[in-house]
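Remarks on the structure that follows.
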Amino acid sequence: MTKQILSIIAGVFMVLTSACSSESLWKEEVLLSDGKIIVVDRGVVFAPRRFEPGQPATGVVKYWLSFTNPVSGEIVQWENPGKLQPMVLGIAGGVPYVAAIPNSAASYIEAGCPNPAYFFFKYANGWESISYQNFPQSIKKRNLLPVYHEEDLTPVKKGYISSSEVAAAQPGAAKHDHELDQNWRGPQDCVVPRYQGQNQRGQHQLTF
């Protein structure tokens, strides 16, 4: 009987969460480090969630972007369940790279307190986590619209935003939010969880 009740409660919760969620879609011009511009399909899903005390009850529970690799012609998609949001997209040697930032201190700690406080990914038959040292140094300026709340989508007009509008977004943000900074550190009281280790390459494992 208890299992049946729990199953019913879980089902009701899933229905309510689905009913309260909303997805925003738009096309975004991305200025690459070589000066070329590609158009990326982006989406965020907003729904009830709270990663840590003090955060709004509703926020992003999924980020995703999709684009055509201008070198190979392959359609590539990157996504994350709301804990990391993409900051920089780049192509080097025909290979796509993404740098992302945590949406909360909890997400940063969960990932093992990496320094600098960013998360780096390389696409090679799928996305893999890499270290800052293995991320192309030519790719460093933010070229993706930062989205934490629904009001951050105000610059998007009729489902489209230009690269110049992306560059002008959130002018009051700190320097490390506009350009990758190797000296940027996360929360000073960050402690790596006991269960969190490093893989054989010396990179912190991502658990989300």
For the pairs 36/83; 83/122; 122/158; 122/157, note any where the Cα-Cα span goes beyond 26 Å. 36/83; 122/158; 122/157
Is the C-alpha gyration tensor of the stretch 21-130 telling us rounded, prolate or oblate? Criteria: a/c under 1.5 is rounded; beyond that, a/b larger than b/c is prolate, otherwise oblate. oblate
State the extension gain, in nm to one decimal, for the chain segment bounded by residue 158 and residue 39, taking 0.36 nm per residue of separation less the distance between their alpha-carbons. 41.4 nm
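Tell me the relative contact order for the stretch 22-177 as a rounded percent, counting alpha carbon contacts under 8 Å between residues six or more apart.
The normalised contact order for the stretch 22-177 reaches 21 percent.
Length gain on complete extension for the stretch residue 150 to residue 134, per 0.36 nm per residue less the alpha carbon to alpha carbon distance? Before the final figure, lay out the partial values.
Working: separation 16, 0.36 × 16 = 5.76 nm, distance 3.35 nm.
Net length gain for the segment: 2.4 nm.
Fully extended, how many nm does the chain gain between residue 66 and residue 105 (0.36 nm per residue separation, minus their Cα-Cα distance)?
Numbers: separation 39, 0.36 × 39 = 14.04 nm, distance 2.68 nm.
Length difference between fully extended and current span is 11.4 nm.
Each value in this text was obtained by applying a stated rule to the coordinates, not by laboratory testing. The shown structure was predicted, so the numbers you read here are calculated from the model rather than taken from an experiment.
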